[in-house]
Amino acid sequence: MFKNYLKIAFRNLQKQKLYSLINITGLAVGLAVCMMIMLYVTHEMTYDRFHANAKRIYKLQASINIGGNVMNMNYMSYASGPLVKQSQPGVESYMRTLDYFKPVIVSNPLTPETKFKEEKLVFADPAFFNFFTFNLKAGTAGDVLSKPFSVVISQDMAKKYFGDTNPVGKTIRLKTDSAYTYQVTGVAENAPSNSSINYNFVASASSLLAMKEAKNYTGEQSISGGSFNLFLLLKNAADTANTRKSLQHMADNNKGDFKTQYHLSSITSLHLANNFGDFSNLKYLKIFPLVAVLILLLALVNYMSLTTARATLRAKEVGVRKVSGASRKAIAAQFYVESGLFTLLSFTLGYLLCYAFKPWFLNILQLKIDNSFLYSPIVLMFLFGLLLLTALISGIYPSIVLSSFKPVITLKGKLSRQSGGTVVRKVFTTLQFSIAVGLIICGVVIDRQLYYLRHADTGLNRENVVMIPVGNSIGKNYPALNKDVQALAGVSSVATSHYAMYGGYDMFFIEGKTKQESVALASLSVDNKFISTLGLEWKFAPTPNAQLATRTKIVINETAIKDLKLPANPVGSIIDAGNQKLEVAGVVKNFNFSSMESTIGPLGLFIAADTTQAWGTMGCNLFARIKPHTNIPSLIGSIENIYKKYDQETPFSYTFMDDAFDKQYKAEDRLAAIFSTFTYITILLATLGLFGLAAFTIEQRTKEIGIRKILGASMATITTLLSTDFLKLILLSVIIASPVAWYAMHNWLQNFAYRINIPWWVFALAGSMALITAIVTISYHAVKAALANPVNSLRSE
Amino acid sequence: MIKITNLEKFYRTEEVETIALNKLTMEVNTGEFVAIMGPSGCGKSTLLNILGMLDDPDEGSYVFNGIEVAHFNERKRADLRKHNIGFVFQSFNLIDELTVFENVELPLIYTGVTAAERVKRVEEVLDKMQIMHRRNHYPQQLSGGQQQRVAIARAVVNKPKLILADEPTGNLDSSNGNDVMELLTDLNEQGTTIIMVTHSEHDARYSHRIIRLLDGQTVMENIMV
């Protein structure tokens, strides 16, 4: 019997090629989106679960309360580890790791001229590879980190610095506070993509203690905040509460100034709980599963709608089968088998689509997922569950509808009146188009807002400015570098700033008479060319010949006048900065020095003469304004040559100021890209749904169309007649979607201090797009019906 | 075999009630060949549908082989039907996506006959209907007469006790029509009870008895000699 079902399913599939294609593709697209999101969500949810002891590993964190302000301490002191183990019977062992906070310069001593800047240097206690489950390709877990200046490198790094040779026993140079030679004692598999501990180099903690800057990390001798991640392996996962209580008890007995609170977080919860780096991911994690379910639901609805729309074609078959002895259950089973087959095909196609578009999707999310993760049991389990669920749901409605056909009616070809479901279909089509229209509106608003942010006048000219970070290794040579770059033909002016633009600023507090009047003043240390090079405008220019470049003078912006309650023209006023009195030397007009999500805050510019040697020891950024029509690559090349003349230690790199500005909206860019993708998919699905509805409804009206034609209706009248009903649904969708989308976007825009007003035409645009799509879709059926020979349609009645 | 008493069937719309069968009483004995005739709308098809258990009556009794079936649910009716009744339609009602062999095989699948037994029985009946050479063709590739022979093959493959034929020659020319009537007569002579609805006096003459209906009631019965 099963074979018979499959046979007829396949023959129908072949016979109805277009429908089958639309049906399978629609479901496949929905499934592909679902799989991709599922992959992403599963990946996020399984962080750090691969450690054999995952259930017993906890991270110790603390928070202290300073006058009502809670300060979270993610890192503990070096001494905390042994002290905690000593005092807590529930702790089996501890592991301290320190993520070196800045990139280091790495080279193979055999080829010292090839240097790279590398990130992810971790210093760890000797038991690192026993404590965590990271596999060693070479080296023994217990020994690799036992000596100072021994390092385990990742497979990627082994390949990069040693090629195909075995690196164990060889040496590698890592420049932290100064350059040290390490012995490579092991090679570790790259950390899985769902690991919150990530490394290129794992060096012994004893190396850190032997470094010049060691005292920065190891000074504190009590259990307190510090620089190290402190992981505890508990003897029993159930000990968590006791250990926490006991630690807290110890803290409460401490007669320190501040009230300390200890937290033990399971390693498996760290990734989602401490999403410090990128909040947007957490946001996506909430939205995405919803989107996945929604899109899959739309796809399933389409599938069911299209399948039952074709029911008229199968009605006779159902009748014959029933007359031949098929029970309703047998017919339902048959259509279940058929849905199962379609689902399987869609699933396969969906999986291929998911595989093909995965890199693109992950790129938008700025995420890496190991290929091996795709075949992990949990993912396979989820995929199987998805297949089962889809097959189950997709079969329900067609089975119920088709198995209910009465042979008495279907065998006489009078199906149309009894197949029903028109209202259901109309509701679904309206819903689908509402979602599509809503997404179009949101997409356009997000796009407009991003355009506005990128192109708004921020008060400084960020076009054609290249920013070059200069490390402290340049020493006294900085003024010479600056002068040489200035002398290049393509460069119109050069300025220096401690931070890259949009890369940060310092903060200091100016105390007011009351606490509320205290002002957090952002400050930038810049040279005297900064203002002119970036095209900042003076509100009150300093007096000619004023010596700006002294540490007692400050240039402020307009907001600072207001916030510091200075006179309208504050030049010459004195700002009391605690131990220091600062004289306002001039006022620049407001400009955005950070993201446009916030308003322009008060700012002070400390101006230093570029001839001082301060830059050489602090490190800084050189800004070069490029003349129009300059060959940029060749200019960058020239700058690089100059740079290398003065500094062979720190590799050369550069960014353009406008890129840096745009980069601040990365999260929004991703949101926009994902929105537009989801929008396209929803439109596609909605269109397919409408296609099915139109086919179904028009087929039901065949006789009516035939009679109208015989009575003299023109093709145009009939097409209009058939289309109007659907267009009403689309208009209804626009009416439903517009306020919802407006509300959602209105709220989103509140995140930005600088924002657009939602223009009325967005709604009109979204509405027209939906209408045009709908008209094109319906026309196919309407025109076909209008062109049909009425003799045929009436005879079949 | 069949005994119906005071059978009633109404079709209701919001405003009108149409009586299709009006307290109809009749009996058909095992081995009989009965023709039912009457003008359009007299209730012929409704009667045939009820006799075939495709539809249920609103009032009255229907005893099939000694079992009262008038108020059976769909599942029970389907069960009784598949073992006892074969159908032949005016428009053949073959499934376009299945071959001749597969169409005929269908009732055997639903009665759970094993695959080997199915092949044997289908081949047997195709042979008898003289369309064995067309076994792998699809319905569209056959003439009307051949299609109706396939339909009859399908109706009899399960060896039903009763065959219900709804204008079996209505879509055929006279030569093919006669062939079909000969086939039905043969089947009847081998013991199958046949009830046939027809407009054709010529076809009705093949039967033992003609029941004439008007407005849902029997108006005349002719016994053929």
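The values are calculated or read from the model by the stated rules, or taken from the named source; none is laboratory data. Because the structure is a prediction, the values reported are computed rather than measured. Neighbour counts are summed over all protein chains in view; Cβ atoms, including those assigned to glycine, are modelled from backbone coordinates with ideal geometry.
Numbers below:
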read-out: Residue pairs meeting the criteria (Cβ under 6 Å; at least 6 apart or on separate chains; first facing chain A (nearest Cβ under 10 Å), in segment B:89-102; second part of a loop (DSSP other than H, G, I, E, B) and crowded, with 22+ Cβ neighbours inside 10 Å); value: B:93/A:411
read-out: Qualifying residue in segment A:643-659 (condition: surrounded by fewer than 16 Cβ atoms within 10 Å (Cβ to Cβ), within 30 Å of the chain's Cα centre (by Cα), modelled with pLDDT under 90 and closer than 23 Å to residue A:292 by Cα); value: no
read-out: Residues of segment A:576-601 satisfying the condition of being at pLDDT 85 or above and over 25 Å from residue A:449 (Cα atoms); value: A:582, A:583, A:584, A:585, A:586, A:587, A:588
read-out: Matching residues, segment A:525-571, being of a type in the set (Gly, Ala, Ser) and surrounded by 14 or more Cβ atoms within 10 Å (Cβ to Cβ); value: A:525, A:535, A:541, A:546, A:549, A:560
read-out: Qualifying positions in segment A:620-635 - crowded, with 17+ Cβ neighbours inside 10 Å and either hydrophobic (A, V, I, L, M, F, W, C) or outside the structural domain of residue A:502 (by TED's automatic domain parsing) (or both); value: A:620, A:622, A:623, A:624, A:626, A:635
read-out: Where a residue in segment A:132-158 is without any contact (Cβ under 8 Å) to a residue 40 or more places away in the chain and its partner, wherever it lies, is among the aliphatic types (A, V, I, L, M), with Cβ under 6 Å and at least six apart; value: A:158/A:187
read-out: Elements of type helices (runs of 4 or more DSSP H) contained in segment A:696-797, each with 2 or more residues being under 21 Å from residue A:684 (Cα atoms) and β-branched (Val, Ile, Thr); value: A:715-749, A:761-787
read-out: The listed residue being in contact (Cβ under 8 Å) with a residue 24 or more places away in the chain, surrounded by 14 or more Cβ atoms within 10 Å (Cβ to Cβ), within 14 Å of chain B (Cβ to nearest Cβ) and not in a loop (DSSP other than H, G, I, E, B), out of A:22, A:8; value: A:8
read-out: Condition broken by residue A:47, with the remaining ones in (1) part of a helix (DSSP H, G or I); (2) away from chain B (no Cβ under 14 Å); (3) more than 20 Å from residue A:696 (Cβ to Cβ) satisfied; value: (1)
read-out: Residue among B:82, B:120, B:76 that alone is within 8 Å of chain A (Cβ to nearest Cβ), assigned to a helix (DSSP H, G or I) and charged (D, E, K, R); value: B:82
read-out: Any helices (runs of 4 or more DSSP H) falling wholly within segment A:299-418 and containing at least 2 residues that are modelled with pLDDT of 90 or more; value: A:328-365, A:377-403
read-out: Positions within segment A:319-340 being small (Gly, Ala, Ser) and either more than 10 Å from chain B (Cβ to nearest Cβ) or under 48 Å from the mean Cα position of the chain (by Cα) (or both), in sequence order; value: A:332, A:333, A:339, A:340
read-out: Every pair of residues 6+ apart whose Cβ atoms lie under 6 Å, when the first sits in segment A:698-720 and is of a type in the set (D, E, K, R) while the second is in a helix (DSSP H, G or I); value: A:699/A:312; A:709/A:790
read-out: One residue from A:732, A:721, A:749 being surrounded by 13 or more Cβ atoms within 10 Å (Cβ to Cβ), assigned by TED's automatic domain parsing to the domain that holds residue A:785, under 41 Å from the mean Cα position of the chain (by Cα) and under 23 Å from residue A:426 (Cα atoms); value: A:732
read-out: Residue A:211 being under 21 Å from residue A:106 (Cβ atoms), crowded, with 17+ Cβ neighbours inside 10 Å, modelled with pLDDT under 90 and assigned by TED's automatic domain parsing to the domain that holds residue A:102; value: yes
read-out: Residue check, residue B:16 out of contact with any His (no Cβ under 8 Å at 6 or more places or on another chain) and free of Cβ contacts under 8 Å to residues at least 40 places away in the same chain; value: yes
